[in-house]
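Visitor: Structure provided below as structure tokens; questions to follow.
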Amino acid sequence: MTKHNIDIDLAMLDPTAVFAAPEDVFAADELGRDTKIEILRRWGYDALELEVAEAEGMTDGKIDTLDRVLRALKFLGVEPDLEHRPPTRQGGI
């Protein structure tokens, strides 16, 4: 993989502005594990919000991003904490 400068601040705010897919975060050699996890968690929260919107009929397509985020987190050794999820419709990962 060719190394390039990653705008970490932007990736934390909007992962899709920096990465095309969650797998790209996992594959970014220039990022440390903790940074990858934080970016993926933020992407996961965004994906959860989209799932809520989809459940309320606010989107027009199937969203599979959350599964991809969870898979990338699992490769990094992170399992979602399903017992301590926030009491919102989005939950957390």
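Visitor: What is the extension gain from Asp34 to Lys74, computed as 0.36 nm multiplied by their sequence separation minus the C-alpha to C-alpha distance, in nm to one decimal?
Guide: Values: separation 40, 0.36 × 40 = 14.40 nm, distance 1.32 nm.
Gain on stretching Asp34 to Lys74: 13.1 nm.
Visitor: Something else about it: Taking the mean number of other Cβ atoms within 10 Å as a proxy for protection, how do you rank 19-32, 36-49 from highest to lowest? Kindly include the intermediate steps, with their values, before the conclusion.
Guide: On the way: 19-32: 15.7, 36-49: 20.1.
Sorting 19-32, 36-49 by mean packing, highest first, produces 36-49, 19-32.
Bear in mind that the values in this text are calculations on the coordinates, not laboratory data. Values in this document were obtained by computation on a predicted structure and should not be read as measured data. For neighbour counting, all protein chains shown are included, and Cβ atoms are generated from backbone atoms with ideal geometry for every residue, glycine included.
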